[in-house]
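Notes follow once the structure below has been shown.
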Amino acid sequence: MMRCRPFRYHAPRTVAEAAKILRGEGPDAMVLAGGTDVIPNLKRKQFAPRTLVALRRIGELRTASDDGLTLGAATTLDAIARHAALPEAHRAARIAASKVATPQIRNRGTIGGNLCLDTRCTYYDQSAEWRQAIDFCKKAPGPHGTAIETPVEQGICWVAPGSPRCWAVSSTDAAPALIALGAEVTLVSADGERTIPLTDLYADDGMAFLTKKRDELLTAVRLPAAVEGWRSTYWKLRRRGAFDFPILGVGAALKLDAGGTVEAARVVLGAVASRPLPVDTSGLVGGPLSDEAIDAFAAKAAGPAKPLDNTDFTLHWRKRVVRAWVAGALRELRGDDSEEASLLSRSAARIPEPLSV
Ligand SMILES: Cc1cc2nc3c(=O)[nH]c(=O)nc-3n(C[C@H](O)[C@H](O)[C@H](O)COP(=O)(O)OP(=O)(O)OC[C@H]3O[C@@H](n4cnc5c(N)ncnc54)[C@H](O)[C@@H]3O)c2cc1C
Ligand code: SF4
């Protein structure tokens, strides 16, 4: 049986109290929301905080604003997947939440935990004994791992041995969808509160993948008011439809005018870098969503995606599938039949039948 190392447990009742504990405990403390990522990681000894600060008693983190657009960080993924007050233009948020893991995990896992999810790698998401057999790696260079988000100069990267950084993969489903929707997040510490665009929460490094300070609590996610003409979707590729992490996620939102011209667009790739990767959409804006425009944009979008040999499937195939998946998401937003768009993308990427979207 894998056991966690001993830790102190706090369950404050308010955000202010939680912020005070996080400030007092410093780097030894870690936030515990649904625990669906933290607890397995503690058992694998990927990190070993001395203190866990649980959010489960903080009611204010589970509330939504009257317009349904501000969600407390402890809102469960299941609640978001069923969030009827979310406008249709923001359906990418519902789709992404509904595609995380299993019903049990979505019932427990929260949106805050999903957005702060640890990055993943074949050489890291293993038991302490497995990792010891390869002499560990940079992200968790000892038998008790390291404090999450703390860059260290020790150890080797087995994916890119000469590399000074870690290439572990951002695997959150919600982030690419919410960034595409233009979401913001609120962070609270003992010093006060700040709100930043969700995209600015991330940095492209598998160890220091969040820009928030260690003692900052993510308290809420805010989506913009829905504007006429916007539509959105989230496409996920995974090995098993029942419950796998994404091999690729595509969050896409765009605004079409009455004549079908693209007025604005945001496309964000998940699981192809250490952060959710926004794609430059300038080539798409100002023209119609023709097949030619979609294909040209999708080919360009695949350029910056840099899947490495540290998750499921071969990196060459994963790179190729980006193009097909981006094109499929845009065809769906154009109004094509989504089944047909999916079949076309599958055949373009030569995806074998059992693989799931
Ligand atoms: C079998 C399995 C399959 C999974 N599949 C998927 C998948 O397909 N897609 C996917 O995206 N995820 C997947 N997950 C990961 C995880 O279940 C989800 O991402 C979930 O949303 C995490 O939320 P949580 O509340 O359980 O987070 P926790 O495990 O409690 O926390 C996760 C991280 O976020 C930090 N944190 C949590 N809340 C806050 C906050 N409010 N402020 C600051 N930091 C915070 C924690 O300190 C920790 O670092 C899977 C997990 C398992 C075990
Ligand atoms: S990318 Fe390299 S350093 Fe990062 S977890 Fe994987 S092996 Fe370790």
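None of the figures in this text is laboratory data; all of them are computed from the coordinates on show. Quantities reported herein were computed from a predicted structural model and do not represent experimental measurements. Glycine also receives a Cβ, built like all others from the backbone with ideal geometry; neighbour counts cover every protein chain displayed.
Tabulated data
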| item | result |
| --- | --- |
| Computed lengthening from Ile105 to Ser282, 0.36 nm per intervening residue step minus Cα-Cα distance | 60.0 nm |
| Sequence of Ser65, Ser347 once ranked by neighbouring C-beta atoms within 10 Å, starting from the fewest | Ser347, Ser65 |
| C-alpha center-to-center spacing [region 316-343, region 183-240] in angstrom | 25 |
| Residues in region 11-48 reached by a label modelled at Ser127 [backbone nitrogen below 20 Å; 7 Å Cα→Cβ] | 37-48 |
| Theoretical ellipticity at 222 nm over the chain - DSSP helices of four or more residues, -39500 (n - 2.57) apiece, nearest 500 | -7500 deg cm²/dmol |
| Label-point gap, in nm, between Lys306 and Phe243 - each point 7 angstrom along Cα→Cβ | 3.4 |
| Count of lysine pairs in region 230-349 with Cα separation under 19 Å (8 or more residues apart, or interchain) | 4 |
| Under 29 Å from Lys20, Cα to Cα: lysines that are on another chain or at least 8 residues apart | Lys43, Lys45, Lys139, Lys212, Lys213 |
| Region 150-214, relative contact order in percent, only Cα pairs under 8 angstrom and at least six apart counted | 31 |
| Nonlocal amide H pairs with Arg8, under 5 Å, H built at 1.01 Å | Thr51, Leu52 |
| Per-residue HN-Hα couplings for region 118-134 [Karplus 6.51, -1.76, 1.60; θ = phi - 60°; Hz; x = Gly/Pro] | 4, 6, 10, 7, 4, 8, 10, 7, 9, 5, 4, 5, 4, 5, 5, 4, 10 |
| Burial ordering of Trp230, Trp325, fewest other beta-carbon atoms within 10 Å first | Trp230, Trp325 |
| For Ala96, net neighbour charge (Lys/Arg +1, Asp/Glu -1) across residues whose Cβ lies under 9 Å away | +2 |
| Label point 7 Å beyond Cα of Glu228 along Cβ direction - residues of region 236-270 with amide nitrogen under 11 Å | 258 |
| Long-range HN-HN contacts of Val169 with modeled amide H, under 5 Å | Arg120, Cys121 |
| Intensity falloff of region 202-291 expressed as log10 I(q)/I(0), Debye formula with alpha-carbon point scatterers, at q = 0.12 Å⁻¹ | -0.54 |
| Neighbourhood net charge (13 Å Cβ-Cβ; Lys/Arg +1, Asp/Glu -1) for Gly303 | +4 |
| FRET efficiency for Lys319 and Ile156, using Cβ-Cβ distance with R0 set to 30 Å, rounded to 0.05 | 0.75 |
| FRET efficiency for Asp257 and Arg3, using Cβ-Cβ distance with R0 set to 51 Å, rounded to 0.05 | 0.30 |
| Percent breakdown of C-alpha pair distances by 5 Å bin, ordered from the shortest bin, for region 230-349 | 2, 12, 23, 26, 19, 11, 5, 2, 0 |
